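Take a look at the structure below.
The values are calculated or read from the model by the stated rules, or taken from the named source; none is laboratory data. The model shown is predicted, which means the values in this text are computed figures rather than measured ones. Reconstructed Cβ throughout: ideal geometry from the backbone, glycine too, with neighbour counts over all protein chains shown. Ligands, DNA and RNA are stripped out before the accessible areas are found, and what is left, the full protein with its side chains, is counted by its heavy atoms. Shrake-Rupley method; radii C 1.70, N 1.55, O 1.52, S 1.80 Å.
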Amino acid sequence: IEIYSLHVDCKVTSRFAHTVITSRIVNRANESREATFEVELPKTAFITNFSMSIDGEVYPGIIKEKAAAQNEYDTAVSQGQSAGLVKITDRKLEQFHVSVSIAAHSKVTFELTYEELLKRQLGKYELLIKVRPQQLVKHFQIDVHIFEPQGIHFLETDSTFMTNELSEALTKEVNETKARISFKPTLDQQKKNSELDETLLNGDFVVRYDVKREATAGDIQIVNGYFVHYFAPQEMPVFPKNVIFVIDRSGSMTGRKIEQTRDALLKILQDLRPEDHFNFITFNNKVAEWKSSLLPATEENVASAAALVQTLTARGGTDINGALLSAVGVLEKAEGLLEPRISMIILLTDGEPTSGERNVEVIQENVQTAINGKYALFCLGFGFDVSYKFLEKMALSNGGIARRIYENADAALQLQGFYQEVATPILMQIEMQYPENSIEGLTKNNFKLFFEGSEIIVSGKISDELDLLPVEIKAQSHTSNLTLKEEANVKEKEQVFQNQRYIFGNFIERLWAYLSIQQLLEKAISAQEEDQKALEVQALDLSLQYSFVTPLTSMVVTKPQQKEELANKPTEAG
């Protein structure tokens with residue numbers, strides 16, 4: 001079985017990435033063989049299309065509602081055979097895997113398309129392409145085209161497998177608004193050494209970039225009646241923050257996990273700003289407050305906290321409820337004493353609640369009542385014994401986010417990286433306002449916090465008769481209340497994309513659908529049961545209308561001899 005051609009074609013238009021992977025395989029044997037197509041794609045992406053062509057016959061993947069697809073599938077296949085085509089492989093990726101039997105001397109072409117909105121983190125967008133052909137490929141090519149009407153501020157490529165020889169196969173052209181990156185290694189360049197037929201191509205191929213920004217109310221782009229508004233203010237004063245680290249030191253954290261937690265916390269302590277106030281709460285079945293109140297992050301206090309961190313050991317049960325309520329108590333004591341500050345609780349745990357209150361629903365309720373919208377709660381789940389669903393619901397109900405920390409060598413870096421994302425809040429209570437009667441399907445337009453290096457994205461559909469789209473942004477910065485205004489000329493904005501040749505037509509409409517689905521699913525996590533159903537129905541309709549494989553849909557892949565398989569979107573919460 002030989003992969004004679006593998007092409008990754010990626011078009012990024014205004015942060016929205018559309019990737020097509022085409023693999024052509026020939027069976028050179030004198031009997032039929034299994035041909036396998038295996039692609040790792042970012043978890044944040046939605047698959048939109050898949051097909052295989054065998055001897056001129058095309059077998060497309062059909063996207064259906066998950067429950068309906070599962071029923072059909074169960075009737076067609078006796079239970080126990082449903083392997084599913086997609087699984088999570090690491091903290092950033094999931095794997096799509098399909099294999100099919102092809103006759104002697106026959107060919108098969110696999111084609112997979114997925115889309116995602118690139119998210120700005122720590123001042124840059126990252127496009128990740130996983131390269132793992134597992135054999136030498138005669139025609140191997142990656143093409144990335146980027147068009148950013150705001151202008152490209154910087155662009156870099158990075159790869160975990162690049163050698164001097166291979167870098168000769170890499171070309172980059174960047175001008176004001178466009179970039180083209182091509183990677184086309186010959187068979188000889190792909191080889192580990194000249195004697196063996198082993199490939200060097202194994203790992204990540206990454207493009208990182210950022211766009212230029214004017215100091216205004218963001219940037220508005222319009223195509224075919226849909227708009228997207230990007231807002232990422234820069235160079236603003238940072239809010240001082242009150243941060244409480246709530247650290248699990250129960251028995252299951254023993255060994256590597258507690259060591260990595262110690263390493264990360266020592267580095268995070270160094271990153272605290274002098275104007276920040278902080279405290280530590282550690283917990284097993286008992287809850288221990290390091291100090292009874294918040295302390296300023298002076299050199300002395302940071303050194304004293306570092307000494308505590310060094311002594312962290314793990315044993316005992318897990319009282320998540322008691323620990324979080326203590327943290328809220330410490331923040332409440334500090335209220336009124338300090339100028340406007342942003343208060344946050346960062347919880348790190350690796351298990352289920354086993355001491356104190358154990359019912360997760362009661363804990364969620366207790367915590368939400370105690371926080372009462374005043375503080376942001378971030379939940380980090382270490383490893384796979386945590387109930388991620390519980391942590392995610394608790395974080396999203398309290399203005400924060402949840403993240404799984406993978407038990408790898410780089411766990412300490414994952415923890416530190418997370419802290420860096422939330423370390424510099426520069427705006428709070430952000431409201432993005434648009435003319436109500438002329439916009440439909442507006443995505444989320446109120447945000448509690450904005451962190452430096454990230455980006456706010458709002459999208460919607462403009463009614464036909466609008467010539468000017470006025471925008472007003474209200475927000476609170478550390479030093480003042482801001483009001484920013486902007487007016488976009490709809491016809492002029494539409495012109496920008498009119499003659500760009502590698503734009504996929506209705507990309508802002510697809511971006512709007514992608515963002516709407518993501519936000520509806522996220523909202524459903526912390527909603528009441530009846531609201532949850534309504535949100536899921538909306539997300540399902542959009543998933544079907546725009547052909548996205550989301551947690552609510554399945555792609556039915558039919559193979560020769562009517563064999564069916566399902567591709568489902570895995571979620572972090574399982």
For Asp158: the one exception among (1) more than 24 Å from the chain's Cα centre (by Cα); (2) more than 25 Å from Glu2 (Cβ to Cβ): (1)
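Does Arg404 satisfy the condition of being touching a residue at least 60 places away in the same chain (Cβ under 8 Å) and farther than 24 Å from Pro296 by Cα?
Values: touching a residue at least 60 places away in the same chain (Cβ under 8 Å): yes; farther than 24 Å from Pro296 by Cα: yes.
Answer is yes for this residue.
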Residue match in the range 472-491 (condition: in contact (Cβ under 8 Å) with a residue 40 or more places away in the chain, within 30 Å of Asp276 (Cα to Cα) and among the basic types (Lys, Arg)): yes
Residues located in the range 102-139, provided they are under 22 Å from the mean Cα position of the chain (by Cα) and open to solvent by 30 Å² or more (accessible area, probe 1.4 Å): Lys119, Gln121, Leu122, Lys124, Glu126, Lys130, Arg132
Ser194 vs. criteria in contact with a strand residue (DSSP E or B) (Cβ under 6 Å, 6 or more places away or on another chain) and either in a helix (DSSP H, G or I) or loosely packed, with under 15 Cβ neighbours inside 10 Å (or both): no
Any pair with Cβ under 9 angstrom, 6 or more apart, that starts in the range 355-366 at a residue that is among the hydrophobic types (A, V, I, L, M, F, W, C) and ends at one that is open to solvent by 50 Å² or more (accessible area, probe 1.4 Å): Val360/Glu352; Val360/Lys389; Val360/Lys393; Ile363/Gly356; Ile363/Glu357
In the range 307-326, the residues that are within 19 Å of Arg358 (Cβ to Cβ) and not in a loop (DSSP other than H, G, I, E, B): Ile320, Asn321, Gly322, Ala323, Leu324, Leu325, Ser326
The range 69-97: number of residues that are part of a strand (DSSP E or B) and either modelled with pLDDT of 90 or more or out of contact with any Lys or Arg (no Cβ under 9 Å at 6 or more places or on another chain) (or both): 6
Of all residues in the range 550-574 being within 17 Å of Phe37 (Cβ to Cβ) and among the acidic types (Asp, Glu), the one that is surrounded by the most Cβ atoms within 10 Å (Cβ to Cβ): Glu565
The range 77-96 residues that are open to solvent by 50 Å² or more (accessible area, probe 1.4 Å), paired with ones that are at pLDDT 85 or above and polar (S, T, N, Q) (beta carbon under 6 Å, 6 or more apart): Lys87/Gln95; Thr89/Gln95
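Would the range 527-541 turn up any residue that is over 16 Å from the mean Cα position of the chain (by Cα) and under 21 Å from Lys119 (Cα atoms)?
Restricting attention to the range 527-541, the residues satisfying the condition of being over 16 Å from the mean Cα position of the chain (by Cα) are 527-541.
From what's left, under 21 Å from Lys119 (Cα atoms): 539.
Looking through the range 527-541, at least one residue is over 16 Å from the mean Cα position of the chain (by Cα) and under 21 Å from Lys119 (Cα atoms).
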